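Structure, as structure tokens:
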Amino acid sequence: MAKTNGDSMICDVTIIHEDILEKVRIGLTDEIHLRKMAEMFKVMNDPTRLKIINALLLSEMCVCDIAALMEMTQPSISHHLKVMRQSELIKYRREGKVVYYSLDDEHIGLLFQTGLDHAQEKR
């Protein structure tokens, strides 16, 4: 039986459901991948970087274009891009003297869209 304590639910008794624990233990993601995910979400926890991801969903862009779009300096944008590249959120390709950035893979766009969908839900 559960009782209300403020806004949270607390059990009246302590019962360990071993069958559930075993099933969950088997299905838990390993520590290495959880740490990599946490790092990725930490990098994405910045409105500027989310805006860069949003822009790169729409088009491959160079630093100059991203800086103009964001109304920021090129060194500042380059710093964000470096952090995002190290976390494998974006990739780049060189064409002569120009470096173009794009999302590393389709999963980054899916993460962005899923987060946006959740943020736009009516509550």
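The figures follow:
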{"quantity": "Residues being of a type in the set (A, V, I, L, M) and closer than 21 Å to Met37 by Cα - total across the range 56-109", "calculated": "9"}
{"quantity": "Single residue of the range 62-101 satisfying the filter (part of a loop (DSSP other than H, G, I, E, B) and of a type in the set (Ser, Thr, Tyr)) that is nearest to the chain's Cα centre (by Cα)", "calculated": "Ser87"}
{"quantity": "Among the candidates Met61, Met70, residue that is more than 16 Å from Ser102 (Cβ to Cβ), among the aliphatic types (A, V, I, L, M) and at pLDDT 95 or above", "calculated": "Met70"}
{"quantity": "Residue pairs meeting the criteria (Cβ under 9 Å; at least 6 apart or on separate chains; first on the phi < 0 side of the Ramachandran plot and among the polar types (S, T, N, Q), in the range 1-30; second modelled with pLDDT under 95 and exposed (fewer than 10 other Cβ atoms within 10 Å of the Cβ))", "calculated": "Thr4/Ile10"}
{"quantity": "Count of the range 78-95 residues which are closer than 12 Å to Met61 by Cα, surrounded by 12 or more Cβ atoms within 10 Å (Cβ to Cβ) and not hydroxyl-bearing (Ser, Thr, Tyr)", "calculated": "3"}
{"quantity": "Lone qualifier among Ile53, Ile32 - being β-branched (Val, Ile, Thr) and either closer than 21 Å to Arg93 by Cα or touching a Cys at 6+ places or on another chain (Cβ under 7 Å) (or both)", "calculated": "Ile53"}
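The values are calculated or read from the model by the stated rules, or taken from the named source; none is laboratory data. The structure presented is a predicted model; accordingly, all values stated were derived computationally and were not measured. Here Cβ is always computed from backbone atoms with ideal geometry, including for glycine, and neighbour counts include all displayed protein chains.
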